[in-house]
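Everything on this sheet refers to the single structure shown next.
The values are calculated or read from the model by the stated rules, or taken from the named source; none is laboratory data. Everything quoted here is computed from the prediction, not taken from an experiment. Positions of Cβ are generated from backbone atoms using ideal geometry, with glycine treated the same way; all protein chains shown enter the neighbour counts.
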C-alpha cells in the first residue's frame, strides 16, 4: 500500500478560512476541490434548476394529464436502497400532488432479474395500470418498454444508469446520462432524478392553476429519503448531491423524518438527532438492501411508506433481522470466496489482473457484497457469480462486479461482449459496479476475456493500492468536539471523509474478538487509543498509519480514538 497525502491549494484554504470556515475544515475542503464558501452553501435555492434535465417538461405534462384524467399509475422500482427510496419518493410525492390511483411493483431479484422486463410489463397491465413509471431502472429495458407499448401502456422512464447502444421507445425518458441532456450533475442517484420529476410536475400543476405558490404541497419532506438513497447508492457526492444530502440530514436531525426511517435508526442503534452520512451508508442502507437481497424489497418500501409508527418500528425490526441473516450468509460466503480467489495465484505472487469466483452454493443476493470485500483485499476488479434461481434459467450464472479506480467496469463488459459475442447474455452498470449474466459453460471464456481487458487497461501504478489521506493531524485538533464537527459534515463517494496519516509509535497492541487489532499509540507525544478492524497481523513499533477520527466514551469521559485504515512500512 502507498499512502499519499492530498495537496491542499493554499489560496483556496486561505480564502475559505477568511470566509469564516473552521481552519481544519478549510484545509479538508480545499483539498477536495472547494474554491469558495459559496460552494458550501447547501440551501435549497442553490440546487441545480430542473430546467436543464432533458425530458422533465414532457414527464411533468404526461403525469399531470394522467392525474387529471384519473388514470392509474404504477411505479416499477428496483430492489436496492436507491430503488426503494426512489419508489417511496414517487409514491409519497405523487400522492401529495394529487394522484389517487397509484400502485407500485418491485421485481424479485431471483425470479424477475433486473429492470422492466416483458413479464413485468404484463403484470403492470394486469393490475389495470394506464401509465408505467420506472424509477432507478428502465434505460436498458428496450424489450420491456416495447412490450409495455404493445399492451397500450404509456411509459415514463426515470433512471440514472448509463444507456446502452439503443434507447427504449418510451413516451418520455428522464435520465441525465442520456444523449443530449445538459443537466450538470451526471452523478445524481435514481431517487434524485425522481425528486426532480416531482419538482417539474409541481411546476406544471401550478401553471395549470391546480396550486399556487402559497398552497402548493411542500416536497422538502421527501428529502430525508432522497439523502438516504443518494448516499446508499455510492454515487459521487458532487455539489448538487451534497446539497440534497445536507438538506435531508438537516430535517432528520430536527426530527422531521418518516416514522419507518425513525424505526430504522432505532433498530440500528443509531441516534437520528446526530445523523450522519455514515449512518446512511453503513446502518440504514444495508438494512433496506437486505430485503432485496434475501427477501422481498416490498418490505423495505413499505417501511419507508408507512405513516404508522408502530408499523414502521415492526418493519424496521424485520429488516434488521433479515440483515443479520444476510451478514451470516455473507460471512461464510466471503471466507469461501476468498479461499477460491487466493487459490488463483501462488503465495508471494501478484493476483491476476482481474478476479472471477463462482461456487454452486453461493447465494446470488450477496454476490455484490462479497465481490466488494475481495476487491478491497486484493485490489483487483472482481466478479462473484452464483447460479440463477430463476425457473428455466438453471444453467445461467448471475454475477456482480466491483472495480478499482482506473478500470471502468461497464465499459470492460461492453468490450468483452464485442470480442466474444454471445458470452454475456445480459449486462449493465457503472464504472465501479456492474452486473452480468453468463451461461455456466461460458464462465471460463468470460474470465479469460475479462483478464485480457484488465491486462490491457491496468498498469503497475494502477494495480498498486493507494490510500489518499489529509496528512498529519495537528495535536490541537485531537478533540472530541472536533470529531463531532467532522462527523456533522457531508462526506461520501467522490468527497472522501477525512483520513489523516503520519508516523506514530506503537506502545502496545493486542487482538480483540480474534479479528481486530487494538492499539495504544503515541501521537505527537500523547497516548491515544486506536483500533484496526479486520486486522490480525501485528505492527512494527514505528509505522506510518492512515486513520479516521472517532470518539468513544468511558466512565462518562469522551476521548478521541483512531480508526486505522491502512499502514505503510
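When the residues of segment 389-415 are narrowed to those that are touching a residue at least 24 places away in the same chain (Cβ under 8 Å) and farther than 18 Å from residue 375 by Cβ, which ends up surrounded by the most Cβ atoms within 10 Å (Cβ to Cβ)? Only one residue fits best here, namely 397.
What residue, of 237, 205, is farther than 20 Å from residue 88 by Cβ, buried (at least 16 other Cβ atoms within 10 Å of the Cβ), in the same structural domain as residue 137 (by TED's automatic domain parsing) and in contact with a strand residue (DSSP E or B) (Cβ under 6 Å, 6 or more places away or on another chain)?
Of the residues listed, the single one that is farther than 20 Å from residue 88 by Cβ, buried (at least 16 other Cβ atoms within 10 Å of the Cβ), in the same structural domain as residue 137 (by TED's automatic domain parsing) and in contact with a strand residue (DSSP E or B) (Cβ under 6 Å, 6 or more places away or on another chain) is 237.
Exactly one residue out of 434, 386 is closer than 28 Å to residue 494 by Cβ, without any contact (Cβ under 8 Å) to a residue 40 or more places away in the chain, assigned to a strand (DSSP E or B) and in contact with a helix residue (DSSP H, G or I) (Cβ under 7 Å, 6 or more places away or on another chain), and it is 434. Look at residue 186 and say whether it is modelled with pLDDT of 95 or more and within 19 Å of residue 433 (Cα to Cα). So residue 186 passes the test.
Among the residues of segment 112-140, those identified as closer than 18 Å to residue 178 by Cα and modelled with pLDDT under 95 are 115, 140.
Scanning segment 134-145 finds no residues that are assigned by TED's automatic domain parsing to the domain that holds residue 53 and without any contact (Cβ under 8 Å) to a residue 24 or more places away in the chain. The single condition from (1) surrounded by 18 or more Cβ atoms within 10 Å (Cβ to Cβ); (2) in the same structural domain as residue 392 (by TED's automatic domain parsing); (3) at pLDDT 95 or above; (4) out of contact with any helix residue (DSSP H, G or I) (no Cβ under 7 Å at 6 or more places or on another chain) that residue 450 fails is (4).
Return the residues of segment 1-40 that are outside any helix (DSSP H, G or I), closer than 30 Å to residue 178 by Cα and touching a helix residue (DSSP H, G or I) at 6+ places or on another chain (Cβ under 8 Å); say none if nothing qualifies. Break it down into steps so the answer makes sense when it comes.
Initially, segment 1-40 is screened for residues outside any helix (DSSP H, G or I), giving 1-9, 19-22, 32-36.
Then drop every residue that is not closer than 30 Å to residue 178 by Cα, which leaves 32-35.
Passing the criteria: 34, 35.
Within the set 479, 559, the sole residue that is surrounded by fewer than 17 Cβ atoms within 10 Å (Cβ to Cβ), in contact (Cβ under 8 Å) with a residue 60 or more places away in the chain, touching a helix residue (DSSP H, G or I) at 6+ places or on another chain (Cβ under 8 Å) and more than 25 Å from residue 377 (Cα to Cα) turns out to be 559. Say whether the condition of being touching a residue at least 12 places away in the same chain (Cβ under 8 Å), in the same structural domain as residue 71 (by TED's automatic domain parsing) and under 18 Å from residue 74 (Cβ atoms) is met by at least one residue in segment 181-189. For segment 181-189, residues touching a residue at least 12 places away in the same chain (Cβ under 8 Å), in the same structural domain as residue 71 (by TED's automatic domain parsing) and under 18 Å from residue 74 (Cβ atoms): absent. Determine whether segment 461-484 contains at least one residue that is modelled with pLDDT of 95 or more, within 30 Å of residue 408 (Cβ to Cβ) and not in a strand (DSSP E or B). Yes, segment 461-484 contains at least one residue that is modelled with pLDDT of 95 or more, within 30 Å of residue 408 (Cβ to Cβ) and not in a strand (DSSP E or B). Would it be correct to say that residue 31 is outside the structural domain of residue 241 (by TED's automatic domain parsing) and in contact (Cβ under 8 Å) with a residue 24 or more places away in the chain? Against the criterion (outside the structural domain of residue 241 (by TED's automatic domain parsing) and in contact (Cβ under 8 Å) with a residue 24 or more places away in the chain), residue 31 qualifies. Restricting 59, 68, 64 to those that are in the same structural domain as residue 169 (by TED's automatic domain parsing), out of contact with any helix residue (DSSP H, G or I) (no Cβ under 7 Å at 6 or more places or on another chain) and modelled with pLDDT of 95 or more reduces the list to 68. It is to be established whether one or more residues within segment 531-540 are at pLDDT below 95, in contact with a strand residue (DSSP E or B) (Cβ under 9 Å, 6 or more places away or on another chain), surrounded by fewer than 18 Cβ atoms within 10 Å (Cβ to Cβ) and on the phi > 0 side of the Ramachandran plot. Within segment 531-540, one or more residues are at pLDDT below 95, in contact with a strand residue (DSSP E or B) (Cβ under 9 Å, 6 or more places away or on another chain), surrounded by fewer than 18 Cβ atoms within 10 Å (Cβ to Cβ) and on the phi > 0 side of the Ramachandran plot. Evaluation of residue 536 against the conditions (1) closer than 23 Å to residue 482 by Cα; (2) part of a loop (DSSP other than H, G, I, E, B); (3) free of Cβ contacts under 8 Å to residues at least 40 places away in the same chain shows that the sole unmet condition is (1).
Name the helices (runs of 4 or more DSSP H) wholly inside segment 282-382 in which the number of residues that are over 30 Å from residue 263 (Cα atoms) and not assigned by TED's automatic domain parsing to the domain that holds residue 229 is 2 or more. Filter on segment 282-382 gives 309-342, 367-378.
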